[in-house]
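Only one structure is covered here, and it is reproduced in the block below.
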Amino acid sequence: MSFGIPKVGTIVRVTTRYQNIHLFSCKKQPTFDIVMEGEVLPLDNLDHSGTWNIATGKMNHPVANIAPRNVVALQVLKGEAVKHVAEKPRTGSWMVMGSKGNTYTIVETSPGGPLKCNCIAGQYNRPCKHKAEVDAKRQKKC
């Protein structure tokens with residue numbers, strides 16, 4: 001199902017689905033959903049085109065970047081969705097638990113291409129251990 005990109009300032013409730021990845025297991029894991037509600041924010045220069053940001057209201061993760069391929073439900077509470085995104089080749093995304101309990105999202109920017117992490121180091125294009133773990137797992141090709 002394809003969802004549109006809401007206009008900046010729109011209030012939405014979005015449900016995204018991710019596969020639960022265990023880095024040391026080659027078995028397919030069940031998926032889990034994340035439901036967020038908040039205002040759609042403008043993209044910054046580190047975000048991928050075709051994605052959109054939402055204010056989450058959480059102190060440890062105040063802004064979430066939403067990739068339309070992960071959206072399973074979108075409810076517009078105020079405003080309207082106006083822009084539809086063409087389907088792109090599917091790339092990978094992984095959720096990784098950080099050493100201090102934070103959850104980070106690692107995305108493959110193109111099929112087989114470089115990884116991007118939403119941790120502080122990843123936001124500044126610096127090497128991070130989260131990308132290294134996923135990359136090692138990806139190279140292993142279970």
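Coordinate-derived values only; no laboratory data. Because the structure is predicted, anything quoted here is derived from the model rather than measured. Positions of Cβ are backbone-derived with ideal geometry, glycine not excepted, and every protein chain shown enters the neighbour counts.
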Seminar exercise, completed: In this structure, among 58/137; 58/100; 7/129, pairs with alpha-carbon gaps over 26 Å are 58/137; 7/129
Problem set entry | Label-point gap, in nm, between residue 121 and residue 44 - each point 7 angstrom along Cα→Cβ | 1.9
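Hey, with R₀ at 30 Å, roughly what FRET efficiency would residue 7 and residue 33 work out to, going by the Cβ-Cβ distance, to 0.05? Mind showing how you got there, number by number?
On the way: r = 24 Å, r/R0 = 0.81.
Using R0 = 30 Å, I get an efficiency of 0.80.
Taking only C-alpha pairs under 8 Å that are 6+ residues apart, what is the relative contact order of the range 89-142 in percent?
Details: 68 pairs, mean separation 13.7, N = 54.
Computed value for the range 89-142: 25 percent relative contact order.
Per 0.36 nm of contour for each residue apart, how much would the distance between residue 19 and residue 73 grow if the chain were fully extended, relative to their Cα-Cα spacing? Don't jump to the answer; show the numbers that get you there.
On the way: separation 54, 0.36 × 54 = 19.44 nm, distance 1.61 nm.
This chain segment gains 17.8 nm when fully extended.
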